[in-house]
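Q: Handing you a structure now.
The values are calculated or read from the model by the stated rules, or taken from the named source; none is laboratory data. From a predicted model like this one, the values you see are computed outputs, not experimental measurements. Cβ sites come from the backbone with ideal geometry, for glycine too, and all protein chains shown count toward neighbours. All accessible areas refer to the heavy atoms of the entire protein, side chains included, with ligands and DNA or RNA removed. Shrake-Rupley method; radii C 1.70, N 1.55, O 1.52, S 1.80 Å.
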Amino acid sequence: MRIDLRSDTVTKPTEAMRRAMAEAEVGDDVYGEDPTVNRLEECAAEILGKEAALFVTSGTQGNQIAVLCHAGPGDEIILESDSHIFLYEAGAASALAGVQARPLKGKRGAMDPEEVEGAIRGDDIHFPRTALICLENTHNRAGGAVLPLDHMAALRKVADRHGIPVHLDGARLFNAAVALGVDASEIARFADSVSVCFSKGLGAPVGSLLAGPKSFIDKARQWRKRLGGGMRQAGVIAAPALLALTEMVDRLAEDHENARRLARALAETKGFSVDPDQVETNIVIVDISGTGRTAGEVLDRLAAEGVLAVPFGPTTLRFVTHKDVSRKDIDEAILRIRRAVGSL
Ligand SMILES: *Cc1c(COP(=O)(O)O)cnc(C)c1O
């Protein structure tokens, strides 16, 4: 059996989710008449501590609608140089909102608040307007690193001093909440708007959500329509998302444990290098330069043993744990990875 550690997006919906999809009460959501979507949006807004929420097709759509609501052509947005919005959204912020990105290098995904303050534009005819600060928690490229609460608070202070809104890319916000042992709202409260994904570790088949003030969500709803994201009987996908939100959060702790277990084993594997203490959530980034092979070559060997991961650089791999890999699967993956590396 293949052990798929490429991403937590490969998770399949649970039996309960499939039942909920079949039985979902539905209506036309563009008319605001899908009771299941409405329930999801109300429930999520409450959990995230925001006035309102909007069900969207993907995390990318949620982030981009947020950028479109907060900023416009010629504006500048400050974001971390390894962030998803900067790296992995097909240039949407410039293509759609017409904004200019100001990427700042962070440490474990966290931009220095003083550097952020220094990057905020003053009042000068030559400058673009700084319209938005974007954060990512947990931070994907930083290996699932959690932005600490005091860091979020420090950035919030900077933003407030300059009257600039903060958007939080919380694709894995619930992983951060579980790792910190706090409610998601305790993290989201430092941001004006927040996006979350149901389709990653929480196991829903599709869908993300954007939350924020009521006036912001009203505007976001029109942007979603403009982008072709107005869905009709979306209750069939909102129903599993509701289960993701209410039933699947606490179990993320198992994924975090499995990730640490995997990291500890890979740290002891010849040619692999990883610091297990840096694994805070469900992502394990491994430097494989000690094998003398490229990421592609090592991945091919792993795939031949039935273990899938993704390249994260010329000599870096990413492994992601999730609900469809058990602790037993992780132990089996460790055996197979060692066999693959041994045969290089
Ligand atoms: C996955 C992810 C997203 C959104 O991805 P979609 O595939 O568009 O749902 C956004 N931000 C981060 C950090 C992610 O990992």
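Q: Which residue is nearest to the ligand (Cβ to nearest atom), if the candidates are limited to segment 188-198 and must be touching a helix residue (DSSP H, G or I) at 6+ places or on another chain (Cβ under 6 Å) and either open to solvent by less than 20 Å² (accessible area, probe 1.4 Å) or closer than 15 Å to D8 by Cα (or both)?
A: Restricting attention to segment 188-198, the residues satisfying the condition of being touching a helix residue (DSSP H, G or I) at 6+ places or on another chain (Cβ under 6 Å) are 188, 190, 193-198.
Keeping just the survivors that are either open to solvent by less than 20 Å² (accessible area, probe 1.4 Å) or closer than 15 Å to D8 by Cα (or both) gives 188, 193-198.
Numbers: A188: 15, S193: 14, V194: 12, S195: 7, V196: 10, C197: 5, F198: 9 Å.
Step by step, filter segment 188-198, then rank; the result is C197.
Q: Between a residue in segment 51-63 that is over 14 Å from L168 (Cα atoms) and any residue that is within 8 Å of the ligand (Cβ to nearest atom) and open to solvent by 20 Å² or more (accessible area, probe 1.4 Å), which pairs come within a Cβ distance under 8 Å, given they are 6 or more apart or on different chains?
A: Qualifying pairs under 8 Å: S58/S199.
Q: Now, a different point. Using the structure shown, decide if K270 is closer than 15 Å to N175 by Cβ, open to solvent by 10 Å² or more (accessible area, probe 1.4 Å) and outside any strand (DSSP E or B). Steps first, answer last, please.
A: Values: closer than 15 Å to N175 by Cβ: no; open to solvent by 10 Å² or more (accessible area, probe 1.4 Å): yes; outside any strand (DSSP E or B): yes.
Criteria not met by K270.
Q: Taking A263, is it open to solvent by 10 Å² or more (accessible area, probe 1.4 Å) and either away from the ligand (no atom under 16 Å from the Cβ) or modelled with pLDDT under 95 (or both)? Lay out the reasoning, then the answer.
A: Working: open to solvent by 10 Å² or more (accessible area, probe 1.4 Å): no; either away from the ligand (no atom under 16 Å from the Cβ) or modelled with pLDDT under 95 (or both): yes.
So A263 fails the test.
Q: Looking at segment 134-164, which of the residues that are touching a helix residue (DSSP H, G or I) at 6+ places or on another chain (Cβ under 8 Å) and among the charged types (D, E, K, R) is farthest from E115 (Cα to Cα)?
A: This residue is R141.
Q: OK, next. Just checking, which of E136, E114 is within 16 Å of the ligand (Cβ to nearest atom) and either surrounded by fewer than 24 Cβ atoms within 10 Å (Cβ to Cβ) or of a type in the set (D, E) (or both)? Lay out the reasoning, then the answer.
A: On the way: E114 fails: within 16 Å of the ligand (Cβ to nearest atom).
Of the residues listed, the single one that is within 16 Å of the ligand (Cβ to nearest atom) and either surrounded by fewer than 24 Cβ atoms within 10 Å (Cβ to Cβ) or of a type in the set (D, E) (or both) is E136.
Q: Answer yes or no as to whether G163 is within 16 Å of the ligand (Cβ to nearest atom), assigned by the TED database to the domain that holds A53, open to solvent by 10 Å² or more (accessible area, probe 1.4 Å) and without any contact (Cβ under 8 Å) to a residue 60 or more places away in the chain. Reasoning before the result, please.
A: Numbers: within 16 Å of the ligand (Cβ to nearest atom): no; assigned by the TED database to the domain that holds A53: yes; open to solvent by 10 Å² or more (accessible area, probe 1.4 Å): yes; without any contact (Cβ under 8 Å) to a residue 60 or more places away in the chain: yes.
No, not satisfied.
Q: Can you tell me which residues in segment 282-311 are closer than 19 Å to I3 by Cα and either in contact with an Asp or Glu (Cβ under 6 Å, 6 or more places away or on another chain) or open to solvent by less than 10 Å² (accessible area, probe 1.4 Å) (or both)?
A: Matches in segment 282-311: N282, I283, V284, V286, A295, V298, L302, V307, L308.
Q: How about segment 1-98: which helices (runs of 4 or more DSSP H) wholly inside it have at least 3 residues that are at pLDDT 95 or above and open to solvent by 30 Å² or more (accessible area, probe 1.4 Å)?
A: On the way: elements: 15-23, 35-48, 59-70, 84-87.
Per the criteria, 15-23, 35-48, 84-87.
Q: Which of the residues belonging to segment 15-31 are out of contact with any Asp or Glu (no Cβ under 8 Å at 6 or more places or on another chain) and within 30 Å of A259 (Cβ to Cβ)?
A: Of everything in segment 15-31, those that are out of contact with any Asp or Glu (no Cβ under 8 Å at 6 or more places or on another chain) and within 30 Å of A259 (Cβ to Cβ) turn out to be E15, M17, R18, R19, A20, M21.
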